[in-house]
Amino acid sequence: MKQLFSICGIVLMLLATNNLQAQKEGEFHLDQVYALGANGTVHLVSSDADVRITGTDRSDVHVKIDRFEQVNGIRSGRRRFSVEVEEKGGDLFIEERRSGSVSFSMGSFRTEYEIVIEMPSNGSLRVRGEDDDYIIKSIHGAISISSEDGDIDIYDTKSSNIDVRLEDGDLRLAGGTGRFYANSEDGDLDIRNAAFTELEIVIEDGNVSLETTLADNGVYDIRSDDANIEFTVLSGGGKFLISKDDGRVNSGMGFTVQEETDNRVRLSLPGGSADVEIRINDGRVRLDTKVR
């Protein structure tokens, strides 16, 4: 019993020594400009950050990173954080590094972590993250993002090659041309004002809201388990095949039903020769057009 009281006394003494004051530890700050090749790609690897990437008319890349941990209490051990930036082959590589560990902690801990990047609008972007949230604006080169649970917002893009892989986060996209690929588990996809010529979406339980023009001979493929899918055609037309188990299919004005069974619906929309195929299990599909 005396030993227990002794341990408790030590802990209380440590708490008193720290005065339970908020401390900043593990601070990191970076504010630098780096070169990027004419057709270069910015590579970013990070976790748990709020990330803002903006395309501008500049030819180089401005990187600003601010991170600190606020500690109310005590902890034993130490975690180290740094960011490695390297210019290589016309590309720019930005990757965080973590080391060390905490074996004991008591109290509350809060981390503020922000990454702000300004880069050329015509540059490409390749991102790998874990629990980050992204706001990406005016990037017109190829965009590739692999993330777990964070949300992704992409605005004002003319990119002709977008590849997004995420687990439980949501994707909001405004713009985009050419090829689009998305693979998602439980997140929602909200895509507006697109002009894709090739599209592939693989999603499990999230919902899909998609607006795009249809290109002649374009191929559009959506595969889902229980997602609800709203597919709006901005212009163009083609053939639509919806395969389903217990799902429901509804279509707006302009669509003509060619065939309908318990497991399949074929429709056509005049104005083009695109090929659209949607496969669902228990979800709902709604096809519609903007006013023609």
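Taken across the stretch 186-201, residues that are under 28 Å from ARG67 (Cβ atoms) and touching a Gly at 6+ places or on another chain (Cβ under 7 Å) do occur, with at least one present. Counting only strands (runs of 3 or more DSSP E) that sit completely within the stretch 177-240, those holding 1 or more residues that are closer than 18 Å to PHE255 by Cβ correspond to 208-212, 219-224, 229-233.
Of the residues that make up the stretch 279-290, is at least one farther than 23 Å from GLY206 by Cβ, modelled with pLDDT under 95 and of a type outside the set (A, V, I, L, M)? Looking through the stretch 279-290, at least one residue is farther than 23 Å from GLY206 by Cβ, modelled with pLDDT under 95 and of a type outside the set (A, V, I, L, M). Of the residues making up the stretch 119-131, those that are within 23 Å of GLU27 (Cβ to Cβ) and assigned to a strand (DSSP E or B) are GLY129, GLU130. Looking across the stretch 182-201, the residues that are within 14 Å of ASP170 (Cα to Cα), buried (at least 20 other Cβ atoms within 10 Å of the Cβ), at pLDDT 95 or above and not β-branched (Val, Ile, Thr) come down to ALA182, LEU189.
Residues in the stretch 237-278 that are of a type in the set (Val, Ile, Thr), modelled with pLDDT of 95 or more and surrounded by fewer than 17 Cβ atoms within 10 Å (Cβ to Cβ): THR256, VAL257.
Checked against the criteria, ASP66 does not count as among the charged types (D, E, K, R), modelled with pLDDT of 85 or more and farther than 20 Å from TYR34 by Cβ. Hey, any hits in the stretch 217-236 for a residue that's surrounded by fewer than 15 Cβ atoms within 10 Å (Cβ to Cβ) and among the charged types (D, E, K, R)? Scanning the stretch 217-236 turns up no residue that is surrounded by fewer than 15 Cβ atoms within 10 Å (Cβ to Cβ) and among the charged types (D, E, K, R). Only one of the numbered conditions (1) touching a strand residue (DSSP E or B) at 6+ places or on another chain (Cβ under 7 Å); (2) more than 16 Å from ILE242 (Cα to Cα) is violated by VAL208, and that is (2).
Checking each residue in the stretch 127-151 for being surrounded by fewer than 19 Cβ atoms within 10 Å (Cβ to Cβ), closer than 17 Å to GLY55 by Cα and within 10 Å of the chain's Cα centre (by Cα) picks out ILE135, SER144.
The values are calculated or read from the model by the stated rules, or taken from the named source; none is laboratory data. All values derive from a computational prediction rather than experimental measurement. Here Cβ is always computed from backbone atoms with ideal geometry, including for glycine, and neighbour counts include all displayed protein chains.
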